[in-house]
Amino acid sequence: MHVYVNGTIYPAEQASVSVMDHGFLYGIGLFETLRVYDRRLFLWEAHYARLCSGLLALRITPAWTSEELVAAVLQTIDANGLSDAYVRLSVTAGPEGVGLVADGYERPSLFVFAKPVAPLADPPHPKRLQTLELPRQTAEGHQRFKSHNYLNNALAKQELSGAPSDVEGLFLTHDGYLAEGIVSNLFWLNHDRLYTPSLDTGILDGVTRQHVLLLAKRMGLPTEEGRFRLEALREADEVFVTNSVQEIVPVLEIDGHLVTSNYGKYTQELHRAYRESIAIGE
């Protein structure tokens, strides 16, 4: 693998970050995970908007325009001989030394990683959800950022140690409301209505989540965001999870309880609409 580091492509084993970088010392950094299809960055405007919002909140001065970041991504996938790729774009706070900073960061660093993506099955292979004992931690600030502080997710993944690859951990909040998967957002359908946990549960406002809600609106499918108990999920007609790499993935069972339809009518329609939006690039 070749990695983009502040304007230069390096073999991964030669790429480095300063030990004085606050992304390393304190987890102050943001990343975006996105899909590139045939050298086109899917939903890039939404990823860029979320990145800029996070940088502003963390007082990291943006050093790159949208066009410059796109060029960095394309340079990275070209260096890896890819046209379809999983891409992670990371911005760290920069080498400020030991000690917290109050006035913001003026010297951020940019890292871009790219790797191949296995062809997705059609229909997609379903997931099984397993409720985690570890609760979803609330965001450190007023919102959840896609930040380098990923300990809650890492500990949740360790809780699933030994579980098959088709199992996704399901976070609940401290007070028992549905939240999200370890690397996914959660949706379900019941009586011709689409449900998903609201952002005030502390979940990440996923770009794919936003797009699925938009697709549902275009389809005329009623949607509801809110606080829901696990029982609502177990009573659902259809359940699926989303992220930028796996797209829309149906759920077969929750804690051993079979979902009524693991790739039902609305999941299929949303999946088809999602694939069509990839084809036209929007």
Being farther than 19 Å from LEU41 by Cα, under 22 Å from the mean Cα position of the chain (by Cα) and part of a helix (DSSP H, G or I) narrows it down to one of THR267, THR196, THR208, so name that one.
THR267
What do you reckon, is GLY181 out of contact with any helix residue (DSSP H, G or I) (no Cβ under 8 Å at 6 or more places or on another chain), of a type outside the set (D, E, K, R), closer than 21 Å to SER244 by Cβ and open to solvent by less than 50 Å² (accessible area, probe 1.4 Å)?
yes
Could you list, ordered by first residue, the pairs with Cβ atoms under 6 Å in which the first is in segment 200-215 and under 17 Å from ARG227 (Cβ atoms) and the second is among the aromatic types (Phe, Trp, Tyr) and surrounded by fewer than 22 Cβ atoms within 10 Å (Cβ to Cβ), at least 6 apart or interchain?
THR201/TYR177
One residue from ALA63, ALA85, ALA79 being touching a Lys or Arg at 6+ places or on another chain (Cβ under 9 Å), closer than 28 Å to ILE280 by Cα and of a type in the set (Gly, Ala, Ser):
ALA85
Going through segment 133-190 one residue at a time, which ones are under 24 Å from LEU55 (Cβ atoms), acidic (Asp, Glu) and part of a strand (DSSP E or B)?
GLU180
Is there a residue being closer than 21 Å to HIS257 by Cβ and open to solvent by 10 Å² or more (accessible area, probe 1.4 Å) anywhere in segment 192-201?
yes
Out of THR92, THR61, report the one residue that is over 22 Å from the mean Cα position of the chain (by Cα) and closer than 24 Å to SER147 by Cβ.
THR61
Out of everything in segment 150-186 that is among the aromatic types (Phe, Trp, Tyr) and under 17 Å from the mean Cα position of the chain (by Cα), what residue ends up being modelled with the highest pLDDT?
PHE171
Restricting to segment 1-28, name every residue that is among the polar types (S, T, N, Q) and either within 9 Å of PRO95 (Cα to Cα) or without any contact (Cβ under 8 Å) to a residue 40 or more places away in the chain (or both).
THR8, GLN14, SER16, SER18
Please go through segment 74-114 and pick out each residue that is over 18 Å from LEU56 (Cα atoms), open to solvent by less than 10 Å² (accessible area, probe 1.4 Å) and not β-branched (Val, Ile, Thr).
ALA85, ALA114
Please state which one of VAL112, VAL117 is among the aliphatic types (A, V, I, L, M), part of a strand (DSSP E or B) and over 14 Å from the mean Cα position of the chain (by Cα).
VAL112
Can you go through GLU238, GLU247, GLU253, GLU168 and tell me which one is closer than 21 Å to HIS125 by Cα and open to solvent by less than 10 Å² (accessible area, probe 1.4 Å)?
GLU247
Members of segment 39-68 found to be basic (Lys, Arg), part of a loop (DSSP other than H, G, I, E, B) and under 27 Å from ASP103 (Cβ atoms), listed by number
ARG59
Take the residues in segment 130-141 that are of a type outside the set (Val, Ile, Thr) and in contact with a helix residue (DSSP H, G or I) (Cβ under 8 Å, 6 or more places away or on another chain); name whichever of them is surrounded by the most Cβ atoms within 10 Å (Cβ to Cβ).
ARG136
Only one residue in SER66, SER53 is more than 23 Å from GLN246 (Cα to Cα), open to solvent by less than 40 Å² (accessible area, probe 1.4 Å) and out of contact with any Leu (no Cβ under 9 Å at 6 or more places or on another chain), so which one is that?
SER66
Lone qualifier among VAL87, VAL73, VAL17, VAL101 - being under 18 Å from the mean Cα position of the chain (by Cα) and not in a helix (DSSP H, G or I):
VAL87
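The values are calculated or read from the model by the stated rules, or taken from the named source; none is laboratory data. Quantities reported herein were computed from a predicted structural model and do not represent experimental measurements. A quick note on method: Cβ atoms are made from the backbone with ideal geometry, for glycine too, and the neighbour counts reach across all protein chains shown. Note: areas computed on protein heavy atoms with side chains; ligands, DNA, RNA excluded. Shrake-Rupley method; radii C 1.70, N 1.55, O 1.52, S 1.80 Å.
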